[in-house]
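What follows draws every value from the coordinates through simple rules; no lab data is involved. None of these values were measured; they are calculated from a predicted model. Please note: Cβ atoms are built from the backbone with ideal geometry, for glycine as well, and neighbour counts cover all protein chains shown.
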Amino acid sequence: MALSVPLSRPTLRVGGGSAFFVRHHYAMKARTFTFAVFVIGVLVTSYLGWALHRSSLNVFADHWPRAWPYPDGWLTSWEHQMDIARPAPRGFLKLDGEWQRQWIYLYCWIGLSVVLSLGSFVWWIILRKRDRDA
């Protein structure tokens, strides 16, 4: 019977091999992406926390500024940009800079990066459990 089928005739593949592979490949990519977002979020949170510590009054009075990798350079330039953007009203003297506003911004960015990294970690755990159950 095998000899009666011409060799040029295509054979049909039945089964779900490629669909299973695509689903598994997608799950691996999704897990890798969420874990990468988690790691990047932790690194960003750590660096911003360090920047907040470096701009605190205790460190600011003693050891300021230091060269890279310390965040002192960009913190100082950011404070100067904020100071120029918000000058003192005419006839008034501005006694302090924009450090407090910068601290508020840093706290907000730290909170946002914590939420992002925790959300991606929870998503990664959910994907891992779903792959184990499947």
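The figures follow:
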| quantity | calculated |
| --- | --- |
| Scaled radius of gyration (Cα, divided by 2.2 N^0.38 Å) that region 28-110 gives | 1.41 |
| Overall Cα dimensions of region 92-134, principal axis frame, Å, largest first | 68, 9, 6 |
| Filtered chymotrypsin sites (Phe, Trp or Tyr not before Pro), region 54-134: DSSP coil and at most 16 other beta carbons within 10 Å | 92 |
| Summed residue charge, Cβ within 10 Å of residue 94's Cβ, Lys/Arg positive, Asp/Glu negative | -2 |
